[in-house]
1. Among the residues of segment 51-59, are any surrounded by fewer than 22 Cβ atoms within 10 Å (Cβ to Cβ), part of a helix (DSSP H, G or I) and among the charged types (D, E, K, R)?
2. Tell me which of these TYR317 doesn't satisfy, since it passes every other one: (1) farther than 14 Å from PHE281 by Cβ; (2) touching an Asp or Glu at 6+ places or on another chain (Cβ under 9 Å).
3. May I ask you to list the residues in segment 64-88 that are within 24 Å of ALA170 (Cα to Cα), in contact with a Ser or Thr (Cβ under 9 Å, 6 or more places away or on another chain) and in contact (Cβ under 8 Å) with a residue 40 or more places away in the chain?
4. Between ALA176, ALA140, which is among the aliphatic types (A, V, I, L, M), over 23 Å from LEU231 (Cβ atoms) and buried (at least 24 other Cβ atoms within 10 Å of the Cβ)?
5. Can you tell me how many residues in segment 347-374 are more than 20 Å from GLY54 (Cβ to Cβ) and in contact (Cβ under 8 Å) with a residue 12 or more places away in the chain?
6. Restricting to helices (runs of 4 or more DSSP H) lying wholly in segment 103-214: which have 3 or more residues that are basic (Lys, Arg)?
7. Within 16 Å of TYR245 (Cβ to Cβ) and touching a strand residue (DSSP E or B) at 6+ places or on another chain (Cβ under 6 Å): is that true of VAL42 in this structure?
Amino acid sequence: MTNNFNFQLISQDKNARLGKLTTAHGIVDTPIFMPVGTAATVKAMHLKDVEEAGAQIILANTYHLMLRPGEKNIKEMGGVRKFMGWNKPLLTDSGGFQIMSLGKLRKVENEGVTFKSHLDGTKYFLSPKISTDIQNALDATISMQLDECIPFPASYEESERAMKLSLEWALKSRDAFEERKGYGQFGIVQGSTYSDLRELSSKKLVEIGFDGYAIGGLAVGEGQELMFKTLDFTTKNMPLDKPRYLMGVGKPDDLIGAVKRGVDMFDCVLPTRSGRTGQAFTSRGTVNIKNARHILDKRPLDNNCDCHTCKNFSRAYLHHLFKAQEILGLMLLSWHNIHFYITLMKNIRNSIKLREFNKFEKIFLEKYYSGDIK
């Protein structure tokens, strides 16, 4: 197996793509979902269970790791993968999303962004070069350019300004990237929901030349219908022979709709965040395990699921764990949700391989929208 960074488009079913991404740390089958390990841990889960669920790549957060424990400490420990005990590929975001979410704690300028730590108020400066240098130090398999992600709604003028700034930062991020065999860096397409801005962003990023291309600035309040419409005109301007990554998305029906529009990679905190609050994703939609109707419910979360949680525990027991505020409840629901997401992507890949994606989509969504029927 070569460890060059390479994406192979194996087949297509209309716009849905089946691919294989080869990296220094292993192969990733696409379409793929990446569990989020913000602070070098997938919340409420052992990494061996994340791997056993079928995860091939996970995501860590540059902003949070920069603040604690610091990239120098992680580099001293051999990089973030070695630090956390993960032997497969790992992607780090650049801190761009935090630039948006920090709100009044940050100031964006042409050179970069100045912000105050949400932990202790310490002032930091993050530029495209600094963000890329940190990701190099973390030894991320895939690094992301620094970009400015703006919320929805945004005016055309504001969207154009942020997109052009992100392009300037893309060039600086690319220059700072440390080329290593089997490692890659992705550019990020911005432009809010404006087709001409998205087209220009894609064109200019391709001219710079990245190993993959992400779609940023979605799932920020625009709703599913507008997100899908934006994907329709965004993916058609992206290279066929490079992986496409939709950042921060989403719910199961979001993933299916995005795959249908040509997206290859996804990440989202939803499976573990929902698991920690008592919400489970199932083949019949979501289940709130804290509801009183589950107090004597002998069923598993999902009769069609073969995860450890569903094979061993009843809804009644899971309900009890949450009522008793036992940590095991958070762990078991997070485990199930990660397994559900990764299995969904595996089934999507198989349906594309068989040229039956539309059939799979129809059957899955009909059942998913039918509700949790007892």
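The values are calculated or read from the model by the stated rules, or taken from the named source; none is laboratory data. Keep in mind it's a predicted model, so treat the numbers as computed, not measured. Please note: Cβ atoms are built from the backbone with ideal geometry, for glycine as well, and neighbour counts cover all protein chains shown.
1. yes
2. Result: TYR317 fails condition (2) only.
3. Within segment 64-88, LEU65, MET66, LEU67, GLU71, VAL80 meet the criteria.
4. Details: ALA176 fails: buried (at least 24 other Cβ atoms within 10 Å of the Cβ).
Criteria check complete, one pass: ALA140.
5. If we filter segment 347-374 for residues that are more than 20 Å from GLY54 (Cβ to Cβ), which is where we start, we get 355-356, 358-359, 361-363, 365-367, 369-374.
Now narrow it down to the ones that are in contact (Cβ under 8 Å) with a residue 12 or more places away in the chain: 355-356, 358, 361, 365, 367, 369-374.
Residues in segment 347-374 being more than 20 Å from GLY54 (Cβ to Cβ) and in contact (Cβ under 8 Å) with a residue 12 or more places away in the chain: 12 in total.
6. Numbers: elements: 128-138, 156-176, 195-208.
Of the helices (runs of 4 or more DSSP H) lying wholly inside segment 103-214, those with at least 3 residues that are basic (Lys, Arg) span 156-176, 195-208.
7. no
Residue-wise test of (1) closer than 29 Å to THR230 by Cα; (2) among the charged types (D, E, K, R); (3) surrounded by 15 or more Cβ atoms within 10 Å (Cβ to Cβ); (4) assigned by TED's automatic domain parsing to the domain that holds ARG349.
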{"site": "ALA280", "(1), (2), (3), (4)": "yes, no, yes, yes"}
{"site": "LYS298", "(1), (2), (3), (4)": "no, yes, no, yes"}
{"site": "ARG315", "(1), (2), (3), (4)": "no, yes, yes, yes"}
{"site": "LEU321", "(1), (2), (3), (4)": "no, no, yes, yes"}
